[in-house]
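Read through the structure below, which is laid out as structure tokens, and then see the notes.
The values are calculated or read from the model by the stated rules, or taken from the named source; none is laboratory data. Model, not experiment: these values are computed from the prediction. All Cβ positions, even for glycine, are placed from backbone atoms using ideal geometry, and neighbour counts span all protein chains on display. We work out accessible area using only protein heavy atoms, side chains counted, and drop any ligands, DNA or RNA first. Shrake-Rupley method; radii C 1.70, N 1.55, O 1.52, S 1.80 Å.
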Amino acid sequence: MNDLLLGNPVFKMAAEQFDRTADFLKLSEDVRERCKWPKRMISVSLPIRLDDGTTKVFSGYRVQHHLSRGPVKGGLRYDEHVDLGEVAALAMWMNWKCALMGLPFGGGKGGVTCNPRKMSAREVEAVTRRFASEMTPFIGPEVDVMAPDMGTNEQTMAWITDVYAQHKGYLVPGVVTGKPVNLQGSLGRTAATGHGVAFCASLAMHKIGIQQGSVVVQGFGNVGSYAAQTLERFGSKVIAVSDISGAIYNPEGIGIRELIDYVKETGGVAGFPGSEAYDPEEMLSLECDVLVPAAMQQVITKQNAAQLKCRILAEGANGPTTPEADTIIEKRGDIFLVPDILCNAGGVTVSYFEWVQNLQRMQWSEQEVLSKLETMLKAAFDRVCSYGQKNDISNRVAALAIGIREVADVKAQRGLFP
Ligand code: NAD
């Protein structure tokens, strides 16, 4: 099974990053083996009656990478390319992210191979409810806590909460995070990942002496839209944005509030008044201070890494930069990298706050949530930068090394059974 995982390009990439960092940490072979491979992989078939009366069987996955530091935590992704290898890679990254942030979780991830944009709301609900039902024996506040990711949102989490409550006979709000606020979701959770990306990008700008920069954002969903909105609020100018509909460019700055309203109406950024259409691939190489990939993995590759003209690469998406591109960026030495497991950790950190509030039956104010989030992100950002400088390694390897070291130490302390 482990060899099968390595056949998947996204898992292979996560494994390569792990191996490179394990080399730096000089981890022994047996410790590597324990840290690298997933603890549990669950694969389910989801037969759904479509609106046209036919039945279609969708594939669903949940990977729990390790449970050594607590329940697993991680998003649920709906995308037509989702497979077990991709989900396992994302679960592995979640491990190091939770450990880097000091959260009491292991990494998990889930996915259903489907395209929600081509399905009716009823069909998406049916897939979600069936998936939640199949997963019920394996999830719960003490075991595995899901959250939204690409293609899912707070409504998805509300349906999962409902299915789990029906199985249990009572409401268990801590089974998922990223729920609607009136279903005991946390204030600030929906904006948290994008807010964290903008906050980390601002820390990086401050570090290299930029006051208010120009910004390019790939992806205008949950992460990209809130990152753009917050960076604009912090005084930066968003000059280009792309999503699945295309890319738009305006060197004078794009009004993000108006763009959000426009996307709600039309479904995509293409055609936004006052902007010009741009090639989505070439948009990544626009001259700017901050480039935020916030769509999907493996978009910065050996083909385009040398052409990037940003000063800061703030990774909102998970795994947007391939290891080959990392090598090119490191050699160039002119781009400040805020790696994904730090840059987008705002989401899981506020998910942790939501889980704590649910367990305590409390609700914190939005101000309390954001202030706690910024304190934790600033501490992690400073730790990554100083560890990287001290050891003369990239911010990526530094962030991964802190997370992997933490997991390896806990496994060593707990020992092996039997
Ligand atoms: P989303 O579904 O809300 O939005 C995805 C966006 O990407 C959409 O605007 C879509 O049109 C766009 N997109 C898709 N394909 C594209 C392409 N080829 N070119 C340009 N744009 C494209 O998803 P999201 O929740 O914003 O997640 C985006 C990324 O951030 C993913 O990598 C996800 O794993 C990561 N992430 C999300 C969270 C979270 O809390 N939602 C947390 C951490 C990391």
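Quick rundown of the values:
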read-out	value
Cα-derived Rg to Rh of the chain, Kirkwood definition	0.95
Antiparallel %, DSSP beta bridges [both residues in the chain], to 5	45
Cα-based radius of gyration of the range 114-211 once divided by 2.2 N^0.38 Å, which approximates compact folds	1.34
Whether the range 1-157 is rounded, prolate or oblate, judged on the alpha carbon gyration tensor where a/c under 1.5 counts as rounded	prolate
Computed [θ] at 222 nm, deg cm²/dmol, the chain (DSSP H ≥ 4; -39,500 (n - 2.57); rounded to nearest 500)	-15000 deg cm²/dmol
Label zone at residue 171 (point 7 Å along Cα-to-Cβ), backbone N below 20 Å, the range 145-161	145-148, 153-161
Per residue, in Å², the accessible surface of the chain once ligands and nucleic acids are set aside, probe 1.4 Å	41
Fully extended contour minus Cα-Cα distance, from residue 391 to residue 366, at 0.36 nm per residue	5.3 nm
Accessible area of the chain belonging to carbon and sulfur atoms, whole % at 1.4 Å probe	50
Pairs of Cα atoms farther than 24 Å apart, the range 191-343, %	23
Segment residue 30-residue 417, extension gain: residue separation times 0.36 nm, minus the distance between their alpha carbons	137.9 nm
Label-zone membership for the range 35-50, site residue 1, 7 angstrom Cα→C-beta point, backbone N under 17 Å	35-45
For the range 191-343, share of DSSP beta bridges that run antiparallel, in % to the nearest 5	30
Calculated FRET value between residue 52 and residue 16, using beta carbons and R₀ = 56 Å, to 0.05	0.85
Spin-label pair residue 115/residue 257, simplified geometry with 7 Å Cα→Cβ offset, distance in nm	3.6
Proximal lysines to residue 118, defined as alpha-carbon separation beneath 24 angstrom and excluding residues fewer than eight positions away on the same chain	56, 109, 179, 264
